[in-house]
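A.B. asks: If you scroll down you'll find the structure; I have some questions about it.
The values are calculated or read from the model by the stated rules, or taken from the named source; none is laboratory data. Note that this is a predicted model, so its numbers are computed, not measured. Quick reminder, even Gly has a Cβ in these numbers, built from the backbone with ideal geometry, and neighbours come from all protein chains shown. Areas reflect the complete protein model, heavy atoms only, side chains present, ligands, DNA and RNA absent. Shrake-Rupley method; radii C 1.70, N 1.55, O 1.52, S 1.80 Å.
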Amino acid sequence: KQWYQRRVRDAILDGKFTLPFEMKTNFSSFVEELKDPRSDRVLYLQQQNDSLNLEFSQLLKDIDTCPRWASEAFATSLDAINFWMGDGRAISSLHKDPYENIYSVVRGSKTFTLFPPIDRARIRYTPFPVWRFDENGVLHPEGDGSLTVPWIDVNAVDPIQDLPGTHPLVVTVHAGETLYLPSYWFHHVSQSHGTIAVNFWYDIDYGPAYGLYSVVDAVIRHKLEMVRELLGS
């Protein structure tokens, strides 16, 4: 699966939550364009929810498809293996995932800007209407135009500058290295050109860590609702 997009994937643009144009292509065409990128689009190959098994099963023989040490550590079975490859201009905007994430870089490097769950107090969500780019780079409302999604409206290239008082960690993962990205840690991701990576998702343990995040999230949302009521909005 191939994504034609602006530089930042799933990000806020002019008050809209924007999704990239999506299409299927053959892998050789994707690789050829990566060798000679076009100026009017940025390619990023990523289909989540077990893409390595569903679309790149030929590669399964080359990797450990279920790292035993991770399954033992999380006391659960593997949920999905995802394959990632793309243009060095591609950026994933700040977000979090409800998975324990083992992220391995095969080629190139990925830079993660990480924020711990406790920073939720300073990382604010706002609802935005959902729009999607078409193949010509023009935005259109998704569906009937009524769909909204809560998202983090910060600088899409450097979120740290818009989040004073937080506790960011910047980590670059090189080829042959693996990052453990805990569930509910906020992360922003950039990469070198042609980077290839595989990540392993494990379902979260609904234990103390999940409880702590849920409490902080609920308190922040309640305080924001109180402020809106006081302001009459």
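A.B. asks: Tell me, what is the per residue accessible area of the chain in Å², probe radius 1.4 Å? If you can, show how the numbers build up before the last one.
C.D. replies: On the way: 12400 Å² over 233 residues.
With the other protein chains kept in place, the chain gives 53 Å² per residue.
A.B. asks: Just grab the label-to-label distance for Glu177 and Asn26, each label 7 Å out from Cα along the Cβ direction, in nm (one decimal).
C.D. replies: About 3.7 nm, to one decimal.
A.B. asks: Right, here's the next one. When the Kirkwood radius is taken over all Cα pairs of the range 30-128, what Stokes-Einstein diffusion coefficient follows at 10 °C and 1.306 mPa s, in µm²/s?
C.D. replies: Details: Rh = 16.4 Å.
For these conditions, the coefficient is 97 µm²/s.
A.B. asks: Using a basic spin-label model with each label point 7 Å from the Cα along Cα→Cβ, how many nm lie between Thr76 and Leu169?
C.D. replies: If labels sit at Thr76 and Leu169, their model points lie 2.0 nm apart.
A.B. asks: Could you size up the charge dipole of the range 80-233 around its Cα centre, putting +1 on the beta carbon of Lys and Arg and -1 on that of Asp and Glu, and report it in debye to the nearest 20?
C.D. replies: My answer is approximately 320 debye.
A.B. asks: Mind checking which of Asp134, Asp205, Asp62 has the largest fluctuation in a GNM of the chain, springs on alpha carbons under 10 Å?
C.D. replies: Asp62
A.B. asks: Quote the accessible area belonging to Ser192 in square angstrom, nearest 10, computed with a 1.4 Å probe and with ligands, DNA and RNA left uncounted.
C.D. replies: It works out to around 40 Å².
A.B. asks: Measuring from the lowest to the highest alpha carbon on each principal axis, how far does the range 95-198 reach, largest first, in angstroms?
C.D. replies: Largest first, the range 95-198 extends 44, 36, 25 Å along its Cα principal axes.
A.B. asks: I would also like to ask the following. Calculate, for Leu60 and Leu230, the FRET efficiency according to 1/(1 + (r/R0)^6) with r their C-beta to C-beta distance and R0 45 Å; round to the nearest 0.05. Write down the numbers at each step before the final one.
C.D. replies: Details: r = 56 Å, r/R0 = 1.24.
About 0.20, to the nearest 0.05.
A.B. asks: At q = 0.12, 0.26 Å⁻¹, what log₁₀ I(q)/I(0) does the range 8-70 have when each alpha carbon counts as one equal point scatterer in the Debye sum?
C.D. replies: These q points yield log10 I(q)/I(0) values of -0.48, -1.20.
A.B. asks: Find which of Tyr206, His222, Pro182 sits farthest along the positive direction of the dipole of the range 162-233, computed with +1 on the beta-carbon of Lys and Arg, -1 on that of Asp and Glu, about the Cα centre.
C.D. replies: His222
A.B. asks: If you don't mind, another one. Based solely on its DSSP helices, what 222 nm [θ] is calculated for the chain when runs of n ≥ 4 H residues each add -39,500 (n - 2.57) and the sum is averaged over all residues, nearest 500 deg cm²/dmol?
C.D. replies: Values: 4 runs with 45 residues, N = 233.
One gets -6000 deg cm²/dmol as the mean residue ellipticity at 222 nm.
A.B. asks: Give the accessible area for Met23 in Å² (nearest 10); use a 1.4 Å probe, count only protein heavy atoms, and leave out ligands, DNA and RNA.
C.D. replies: 60
A.B. asks: Quick one: give the max-minus-min coordinate of the C-alpha atoms of the chain along each principal axis, largest first, in Å.
C.D. replies: 57, 47, 32
A.B. asks: Please report the base-10 log of the normalised intensity I(q)/I(0) for the range 146-218, using a Debye sum with one equal scatterer per alpha carbon and no solvent, at each q in 0.19, 0.26 (1/Å).
C.D. replies: For the range 146-218, the Cα-only Debye profile gives -1.17, -1.32.
A.B. asks: Ignoring the sites themselves, what is the longest stretch of the chain with no GluC sites (Glu not before Pro) in a DSSP loop and at most 15 other beta-carbon atoms within 10 Å? Provide the component values of the computation, followed by the final result.
C.D. replies: Working: sites that count: Glu135, Glu177.
It works out to 1-134.
A.B. asks: Using a probe of 1.4 angstrom, how much of the accessible area of the chain is carbon and sulfur, in percent?
C.D. replies: 54
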